[in-house]
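The values are calculated or read from the model by the stated rules, or taken from the named source; none is laboratory data. Predicted model only: the values in this text are computed from it and were never measured. When we count neighbours, we look across all protein chains shown, and the Cβ atoms used for this are built from the backbone with ideal geometry, even at glycine.
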Amino acid sequence: MNNRDYTRRTILRTGLMAGSAVALPGLLSRRAFAQSDTIRIGFVSPQTGPVAAFGASDDYVLAQVREAIGAGIEINGITYPVEIIVKDTQSSANRASEVANELMLDDEVDLMLASSTADTTNPVADQCELNEMPCISTDTPWDGHFFGRGGDPAVGFDWTYHFFWGAGQVVDSYTSLWDQLSTNKKVGVLWSNDSDGVPLSNATTGLPPLFAAKGYEVIDAGFHQPLADDFSAQIAMLKDAGVEIVSGVFLPPDFTTFWTQAAQQGFRPKAVTVAKALLFPSAVESLGQNGNGVSSEVWWSPNHPYKSGLTGISSADLAKGYEAASGQQWIQPTGYKHALLEVAIDVLKRSGNPKDKGAVRDAILATDYQSIVGPVSWKNGPVKNACQTPLVGGQWVARGDGKFDIVVCENKTAPEIPVQQPFAAL
């Protein structure tokens, strides 16, 4: 018997706790009623550890959604209380697998949610697929999530569904920024040797062939270990090649090290546009004035025209609310955490029976929802289990008080998101 078969539910069915049932019939009947009456949602994200910044707004978003749900959600005339059970991965893929199993086997959740980098979404989704648990995830490039799990586009997965942007959209966004400059079109790329950098570096399905298809020459400086302390060799290679644009995937502290050493060694490209490292205001602030003009993709911002289908709150007001509650600048994952919970509630409402795993899975497949990050639907995705969401490109601009704002500088594939200013060379 495997772990999935030996759940508390199975024990009760097979009578292994019959003695306890005789001794405490009232307690067990109340427990059974509570379990069948309450919808339990598992919510897995990194709230401590190296990528804890991705979970910084979780508490704020969860509070907003819990308030919106109130006493519960109505499904076929029945009001079900909703319990959202939060688990911290501690920024560890192994821990992500462990807490996913805890949520399924101990907490007996009805729907699993996961977010924030492949080190969370991939292991959680793998455990859910194995255990036939409906799962929705976000905040990992869809191709890194799908192909990183060994996904076959001809087959797909049965229980796990993801919404986010992908490598092709990143390339469209980056090159739309760079095309506004006069450059030699030489792009130097560096890759963090982790679950995000490895799939995006892939010579077949990653960024390099897509950059080449857009007319850019790629100079690959290879992988670096997370928390590396010396980029001298890579910088020398890029300088010798005459690189005028830098891209790739970095952790925030690694990019700080790279960019500081690049300045010390006299390497100043016309554009530096990288994924992951330049997502958060705090990461750009750590660069000092060298942060002015660096650029990245923009998943979500107060400038986005979308609003929540659950609460009706606008992107601008969600960002303002987070800033007021936290005393910190808004961060991009906030919109996606909110959308993840919105989509989950919508799915459960449409399932007909939130306690039927198959019905919940079928409701995910049928999703056609307008969220605070844009439309979410798995009907016409790039692969069966992925939905692409809008993506634009932006540039960090110094405000004069030591803070930086990211402004949208291109909207080639999402024209509904307004451009705020043209892209400028460093």
Original post:
Within region 379-406, how many residues turn out to be within 26 Å of Phe163 (Cα to Cα) and either surrounded by fewer than 17 Cβ atoms within 10 Å (Cβ to Cβ) or basic (Lys, Arg) (or both)?
Top reply: 4
Original post:
If only one of Asn94, Asn76 is out of contact with any strand residue (DSSP E or B) (no Cβ under 7 Å at 6 or more places or on another chain), modelled with pLDDT under 95 and either surrounded by 19 or more Cβ atoms within 10 Å (Cβ to Cβ) or of a type in the set (S, T, N, Q) (or both), which one is it?
Top reply: Asn76
Original post:
Going by the conditions given, is Asp172 of a type in the set (Asp, Glu), surrounded by fewer than 24 Cβ atoms within 10 Å (Cβ to Cβ) and outside the structural domain of Val86 (by TED's automatic domain parsing)?
Top reply: yes
Original post:
What single numbered condition from (1) surrounded by 20 or more Cβ atoms within 10 Å (Cβ to Cβ); (2) in contact (Cβ under 8 Å) with a residue 24 or more places away in the chain; (3) not hydroxyl-bearing (Ser, Thr, Tyr) fails to hold for Pro153?
Top reply: (1)
Original post:
In region 263-322, what residues are in contact with a His (Cβ under 7 Å, 6 or more places away or on another chain) and not hydrophobic (A, V, I, L, M, F, W, C)?
Top reply: Ser308, Ser315
**OP:** Quick one: which residue in Ala319, Ala325 is assigned to a helix (DSSP H, G or I), surrounded by fewer than 21 Cβ atoms within 10 Å (Cβ to Cβ) and modelled with pLDDT of 95 or more?
**Re:** Ala325
Subject >> Answer from Asp405, Asp401 - the residue that is charged (D, E, K, R) and assigned to a strand (DSSP E or B) >> reply: Asp405
Subject >> Residues that are touching a strand residue (DSSP E or B) at 6+ places or on another chain (Cβ under 8 Å), part of a helix (DSSP H, G or I), closer than 25 Å to Lys276 by Cβ and not β-branched (Val, Ile, Thr), drawn from region 97-125 >> reply: Ala100, Ala125
Subject >> Those residues of region 199-253 which are among the aromatic types (Phe, Trp, Tyr), closer than 30 Å to Pro153 by Cα and modelled with pLDDT of 95 or more, in sequence order >> reply: Phe211, Tyr216, Phe223
Original post:
Can you name the residue in region 30-70 that is of a type in the set (Ser, Thr, Tyr) and at pLDDT 90 or above and is also nearest to Trp299 (Cα to Cα) among such residues?
Top reply: Ser57
**OP:** Please list, ordered by first then second residue, the pairs with beta carbon atoms under 9 Å, 6 or more apart or interchain, first in region 66-80 and of a type in the set (S, T, N, Q), second part of a strand (DSSP E or B).
**Re:** Thr79/Ile73
**OP:** Scan region 306-332 for residues that are among the hydrophobic types (A, V, I, L, M, F, W, C), over 16 Å from Asp405 (Cα atoms) and touching a residue at least 24 places away in the same chain (Cβ under 8 Å) and jot them down.
**Re:** Leu310, Ile313, Leu318, Ala325
**OP:** Answer yes or no as to whether Ala398 is more than 15 Å from His304 (Cα to Cα) and in contact with a strand residue (DSSP E or B) (Cβ under 7 Å, 6 or more places away or on another chain).
**Re:** yes
**OP:** Evaluate the following for Thr413: is it part of a loop (DSSP other than H, G, I, E, B), of a type in the set (S, T, N, Q) and crowded, with 22+ Cβ neighbours inside 10 Å?
**Re:** no
Original post:
Which of (1) aromatic (Phe, Trp, Tyr); (2) over 19 Å from Gly144 (Cβ atoms); (3) not assigned by TED's automatic domain parsing to the domain that holds Pro252 is the odd one out, the single condition Tyr216 does not satisfy?
Top reply: (3)
**OP:** Identify the residue in region 132-169 that is within 14 Å of the chain's Cα centre (by Cα) and in a helix (DSSP H, G or I) and, among all such residues, is nearest to Asn122 (Cα to Cα).
**Re:** His145
Original post:
Counting residues that are without any contact (Cβ under 8 Å) to a residue 40 or more places away in the chain, which helices (runs of 4 or more DSSP H) fully inside region 196-260 reach at least 3?
Top reply: 207-213, 232-240
